[in-house]
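Peer 1: Pasting in a structure now, in structure tokens, and then I'll have a few things to ask.
The values are calculated or read from the model by the stated rules, or taken from the named source; none is laboratory data. These numbers were taken from a predicted model, which means no experiment stands behind them. Positions of Cβ are generated from backbone atoms using ideal geometry, with glycine treated the same way; all protein chains shown enter the neighbour counts.
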Amino acid sequence: MFGKYVLALAVTLGLAAVVGGRGAADAAAPARPAVAGVYARSAASTPPQLGAAVNTVMLGSADPRYVRTLLAHYASVTPEYEMEMSQLEPARGRFDFAPADRIVTFAARHGLPVRGHTLVWDEMIPAWLTRSHPTRAQLIGILHRYISTVVSHYRGRVGEWDVVNEPLTRSGGLRQSLWERVIGPGYIALAFRFAHRADPHAALFVNDYGAEWRDAKERALHRLVAHLRAEHVPVSGVGFQAHLRLDAHPPQAELTGVLRSFAALGVRIEVTELDVDAAGSAPLSQRLAAEAAIYRAVAGACRAVRACSRVTTWGITDAASWLGASERGLPFDAGYRAKPAWRALRAGLTPPV
Ligand code: XIL
């Protein structure tokens, strides 16, 4: 299976050179693209940054607590859905940057770096594209135009991108997305090359969930990233979504080992979408304590690996979580009160005195 991918990737890399315009003029380009925009903690003792996914509904709400909590405690933002393809290009060739621009403008006003999320995913694909049944060449052209348009629009204002989101299945195969089915496995390298060409200074990530444990998916992600890097594809970093549950979370030592093994590939690491589904029948106080222990373990694992530069929670308050309020997955409760998870997250990120 993986052999097929290697062959397809090699074939497509040549195509990428043509489609991406890497003609002879680029032949002199550095053999290994600089790992652009690499953010690094200045020292192992420097804590990882804390970021949050935000959305325009909450940023525009009359309740001042959302913005007050965000600005008081977080140092970067990720648009929760405003940069998905169905939001940015709702009709073929018609781009709507307004909602995402509101987040980027807000972030710039407050000096918050922005994580662009996400350029290529099998979810939130606009209907005009799924209905068009494109050929391989047509879809490569669409991919090139889309990535070039979006990354160019935000060049200089969005310093890093989740270029390919969730490329793998639970068992470590390639997810049969529209991109994989029509273009083949090489869509991944194409997407990175198109993004790098549009903004050579941006840090470019592959982002997935369920790779926080040592298992088939984690090994497949490691092989994928190692191969892309060996093929000089400009992958700067790996995002571990870390959507965890009380009955499904890695021990801190195991996650630390996973992050270290990816850091050894020379890439930056981020925890990109942390939340902990705390639903269950046990008393709430027990569930919140267990949730806090998981937050602390994830934060501690990131802090222990210098290449892990940021933990982003997938939201701020249980009042606005994709999980739903009753899952109580975030660090602040629906009334913006700090939960045990908040104190544990901070303790895990901050080195002992
Ligand atoms: C979710 C958002 O939270 C929702 O608001 C949106 O409707 C769908 O996407 N993995 C991802 C995120 O990479 O983009 C998803 O976010 C959560 C799972």
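Peer 1: In the range 129-162, how many are part of a helix (DSSP H, G or I) and in contact with a strand residue (DSSP E or B) (Cβ under 6 Å, 6 or more places away or on another chain)? Show your work before the answer.
Peer 2: Looking only at the range 129-162, we keep the residues that are part of a helix (DSSP H, G or I), and these are 129-130, 136-153.
Of the ones still in play, those that are also in contact with a strand residue (DSSP E or B) (Cβ under 6 Å, 6 or more places away or on another chain) are 147.
Number satisfying all stated conditions: 1.
Peer 1: Name the residue that is farthest from the chain's Cα centre (by Cα), counting only residues in the range 189-232 that are within 16 Å of the ligand (Cβ to nearest atom) and among the acidic types (Asp, Glu). Even if it seems obvious, please write down each step before you answer.
Peer 2: From the range 189-232, those within 16 Å of the ligand (Cβ to nearest atom) are 191, 204-212, 217, 221; that's our starting set.
Now restrict to residues that are among the acidic types (Asp, Glu): 208, 212.
Working: 208: 7, 212: 14 Å.
Result: 212.
Peer 1: Suppose we filter the range 174-224 for residues that are within 22 Å of residue 140 (Cβ to Cβ) and not in a loop (DSSP other than H, G, I, E, B); how many remain?
Peer 2: Going through the range 174-224, the residues within 22 Å of residue 140 (Cβ to Cβ) turn out to be 174-200, 202, 204-207, 224.
Checking which are not in a loop (DSSP other than H, G, I, E, B) leaves us with 174, 178-182, 187-198, 204-207, 224.
The number of residues fulfilling the criteria is 23.
Peer 1: Taking the range 50-61, which residues are surrounded by fewer than 17 Cβ atoms within 10 Å (Cβ to Cβ) and within 11 Å of the ligand (Cβ to nearest atom)?
Peer 2: If the condition is that a residue be surrounded by fewer than 17 Cβ atoms within 10 Å (Cβ to Cβ) and within 11 Å of the ligand (Cβ to nearest atom), then 57 is the only one that fits.
Peer 1: Another question, if that's okay. Answer yes or no as to whether residue 267 is farther than 25 Å from residue 114 by Cα and away from the ligand (no atom under 16 Å from the Cβ). Step through it out loud before you land on a result.
Peer 2: On the way: farther than 25 Å from residue 114 by Cα: no; away from the ligand (no atom under 16 Å from the Cβ): yes.
For residue 267, the condition - farther than 25 Å from residue 114 by Cα and away from the ligand (no atom under 16 Å from the Cβ) - is not met.
Peer 1: I'd like to verify a number: residues in the range 87-119 that are buried (at least 20 other Cβ atoms within 10 Å of the Cβ) and within 14 Å of the ligand (Cβ to nearest atom), how many?
Peer 2: 8
Peer 1: Could you tell me which of the residues 242, 202, 230 is surrounded by fewer than 18 Cβ atoms within 10 Å (Cβ to Cβ) and either aromatic (Phe, Trp, Tyr) or modelled with pLDDT of 95 or more (or both)? Write out each step before concluding.
Peer 2: Numbers: 242 fails: surrounded by fewer than 18 Cβ atoms within 10 Å (Cβ to Cβ); 202 fails: surrounded by fewer than 18 Cβ atoms within 10 Å (Cβ to Cβ).
On inspection, the qualifying residue turns out to be 230.
Peer 1: What residue, of 80, 123, 166, 84, is exposed (fewer than 14 other Cβ atoms within 10 Å of the Cβ), in contact (Cβ under 8 Å) with a residue 12 or more places away in the chain, within 14 Å of the ligand (Cβ to nearest atom) and not hydrophobic (A, V, I, L, M, F, W, C)? Step through it out loud before you land on a result.
Peer 2: Values: 80 fails: exposed (fewer than 14 other Cβ atoms within 10 Å of the Cβ); 166 fails: exposed (fewer than 14 other Cβ atoms within 10 Å of the Cβ); 84 fails: exposed (fewer than 14 other Cβ atoms within 10 Å of the Cβ).
None of the others qualify; the one that does is 123.
Peer 1: Among (1) surrounded by fewer than 16 Cβ atoms within 10 Å (Cβ to Cβ); (2) closer than 21 Å to residue 52 by Cβ; (3) not charged (D, E, K, R), there is one condition residue 274 misses while meeting the rest; what is its number?
Peer 2: Result: residue 274 passes all but (1).
Peer 1: Please go through (1) surrounded by fewer than 24 Cβ atoms within 10 Å (Cβ to Cβ); (2) touching a Gly at 6+ places or on another chain (Cβ under 8 Å) for residue 145 and return the number of the only condition it doesn't satisfy.
Peer 2: (2)
Peer 1: All but one of (1) at negative phi; (2) without any contact (Cβ under 8 Å) to a residue 60 or more places away in the chain; (3) touching a Lys or Arg at 6+ places or on another chain (Cβ under 6 Å) hold for residue 306; which doesn't?
Peer 2: For residue 306, the failing item is (2).
Peer 1: Looking at the range 234-264, which of its residues are assigned to a loop (DSSP other than H, G, I, E, B) and within 24 Å of residue 117 (Cα to Cα)?
Peer 2: Here is the first cut: in the range 234-264, the ones assigned to a loop (DSSP other than H, G, I, E, B) are 234-236, 241-242, 246-247, 249-251, 264.
Answer for the range 234-264, where residues must be assigned to a loop (DSSP other than H, G, I, E, B) and within 24 Å of residue 117 (Cα to Cα): 234, 235, 236, 241, 242, 249.
Peer 1: For the range 62-75, give me the residue count where each residue is within 20 Å of the chain's Cα centre (by Cα), over 10 Å from residue 316 (Cβ atoms) and either within 16 Å of the ligand (Cβ to nearest atom) or part of a helix (DSSP H, G or I) (or both).
Peer 2: Within the range 62-75, the subset within 20 Å of the chain's Cα centre (by Cα) is 70, 74-75.
Retained after the next criterion (residues that are over 10 Å from residue 316 (Cβ atoms)): 75.
Filter once more, keeping what is either within 16 Å of the ligand (Cβ to nearest atom) or part of a helix (DSSP H, G or I) (or both): none.
Looking only at that region, the number is 0.
Peer 1: Here are some residues: 109, 155. Which one is under 21 Å from residue 237 (Cβ atoms) and not aliphatic (A, V, I, L, M)? Full working, then the answer.
Peer 2: Numbers: 109 fails: under 21 Å from residue 237 (Cβ atoms).
After ruling out the rest, the residue left standing is 155.
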